[in-house]
Amino acid sequence: MAPILPESVEQLRATGNQSFRNGQFAEAATLYSRALRVLQEQGSSDPEKESVLYSNRAACRLKDGNCVDCIKDCTSALALVPFSMKPLLRRASAYEALEKYPLAYVDYVTVLQIDDSVKSALEGSSRMTRTLMDSFGPEWRLKLPSIPLVPVSSQKRWECLPLENHKEASKSKSKETTSAKSRVSSAGDVERARALKEEGNELVKKGNHKQAIEKYSESLWFSNLESATYSNRALCHLELKQYQEAVKDCTEALRLDGKNVKAFYRRAQAYKALKDFRSSFADIDSLLKIEPRNGPAQRLRQEVNRNLN
């Protein structure tokens, strides 16, 4: 008697997951395809569920070496739920296998904006950097497509996963963070980080804040121990009215250097824009204890104080 095939989207997906774990990638891809058809025939809009099915089928195609269709599925998944890490990582791997290194680099770098501790993305971006430098020389960055800026809401997506996946995600996050902390930058990495930071500084002078963020971000992936790089990137976020990102960068800068006056000032500005006047006032107070005669900070304190009273 032939086995009864699952009919619901959830059953098809679960059976596909089991087939994938068993190494039956073609069978898993067929089950994910069937789940997609059922979902689309139902006519109900569920972008998250549909995106996961495309991403899962992409994983099967990547395992089978079908990189072209893997890229198509990842792109479909990302169109439904932008900045999802798994399809970005799978597409990056497929691009790399097809020797489309600039595109692979962009996807790895995008993942690192979402979570800068993902080991496979750190290794991939470093690998692509070396390959692109060897292929195109010092001007290799001119060959790159634009790198999208990832909003804070997407950076925190892993915290908002369904309950059934939360334990696995938290475990993965912890493991990746540990790997990042244990990673020691080489002398070459530190030198590249400094050079990229200087490129970012030059872009700031020209008013190109979006491009400067890309340079500072890339610098931090090579070496994340430079307080000034974080506070410089915070300045760009302020200019672009990305206040939460500015707060985050200033906090990291102050973790590395508790007397970084620029980080205190820029975080105070960001808090003021977010109408968190108490936090803003506290940062200005900390700054003035370091530099009592700092004119801009004194003026900012007066502005914030008016909002507190």
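The values are calculated or read from the model by the stated rules, or taken from the named source; none is laboratory data. Predicted model only: the values in this text are computed from it and were never measured. No Cβ is skipped: glycine too gets one built from the backbone with ideal geometry, and neighbour counts run over all protein chains shown. Only protein heavy atoms, including side chains, enter the accessible area calculation; ligands, DNA and RNA are left aside. Shrake-Rupley method; radii C 1.70, N 1.55, O 1.52, S 1.80 Å.
Starting from the Cα gyration tensor of region 1-78, take the square roots of the eigenvalues, sort them a ≥ b ≥ c, and report rounded, prolate or oblate (rounded when a/c is under 1.5, otherwise prolate if a/b is larger than b/c, else oblate).
Details: a/c = 2.21, a/b = 1.07, b/c = 2.07.
Cα axes put region 1-78 in the oblate bin.
Would you mind telling me the share, in percent, of accessible area of the chain contributed by carbon and sulfur at probe 1.4 angstrom?
Working: 8490 of 16940 Å².
Reported share for carbon and sulfur atoms: 50 percent.
Which shape class, rounded, prolate or oblate, goes with region 77-131 when its Cα gyration tensor gives a ≥ b ≥ c as root eigenvalues, a/c under 1.5 marks rounded, and past that a/b bigger than b/c marks prolate? Please list the in-between numbers first.
Details: a/c = 2.22, a/b = 1.26, b/c = 1.76.
It comes out oblate by the Cα gyration axes.
So I have (i) 86, 51, 33; (ii) 53, 41, 38; (iii) 64, 62, 40, and one of them is Cα extents along the principal axes in Å calculated from this model. Which one is it?
Of the listed options (i) 86, 51, 33; (ii) 53, 41, 38; (iii) 64, 62, 40, (i) comes from this structure.
Length gain on complete extension for the stretch Ser135 to Lys275, per 0.36 nm per residue less the alpha carbon to alpha carbon distance?
On the way: separation 140, 0.36 × 140 = 50.40 nm, distance 4.85 nm.
Full extension from Ser135 to Lys275 adds 45.6 nm.
For helix 261-273, what angle does its Cα long axis make with the longest principal axis of the chain, in degrees from 0 to 90 and rounded to 10?
Helix 261-273 sits at roughly 70 degrees to that axis.
Over region 211-309, give the accessible area per residue in Å² for a 1.4 Å probe, as an integer. Provide the component values of the computation, followed by the final result.
Numbers: 5070 Å² over 99 residues.
Ligands and nucleic acids excluded, the figure is 51 Å² per residue.
Can you tell me the orientation of helix 119-136 relative to the chain, as the angle in degrees between its alpha-carbon axis and the longest Cα principal axis, to the nearest 10?
Helix 119-136 sits at roughly 80 degrees to that axis.
Roughly how many Å² is the accessible area per residue of region 57-129, as a whole number, for a 1.4 Å probe? It would help to have the intermediate numbers written out before the result.
On the way: 2720 Å² over 73 residues.
I get 37 Å² per residue for this part.
Give the angle, between 0 and 90 degrees and rounded to the nearest 10, that separates the Cα long axis of helix 85-97 from the longest principal axis of the Cα atoms of the chain.
The helix 85-97 is inclined about 80 degrees to the chain.
Where does the chain land at 222 nm, in deg cm²/dmol rounded to the nearest 500, when only DSSP H runs of n ≥ 4 count, each adding -39500 (n - 2.57), divided by all residues?
Numbers: 16 runs with 232 residues, N = 309.
That comes out to -24500 deg cm²/dmol.
With a ≥ b ≥ c the root eigenvalues of the C-alpha gyration tensor of region 224-309, is it rounded (a/c under 1.5), prolate (a/b larger than b/c) or oblate? Before the final figure, lay out each step's value.
Details: a/c = 2.07, a/b = 1.30, b/c = 1.58.
Oblate.
Find the relative contact order for the chain and round it to a whole percent, using C-alpha pairs within less than 8 Å whose residues are 6+ positions apart. Could the numbers behind the result be given before it?
Values: 393 pairs, mean separation 24.5, N = 309.
Contact order relative to length: 8 percent.
What ranking do 130-141, 214-225 get when scored by the average of other Cβ atoms within 10 Å per residue, highest first?
Numbers: 130-141: 13.3, 214-225: 22.0.
By packing density, highest mean first, the sequence is 214-225, 130-141.
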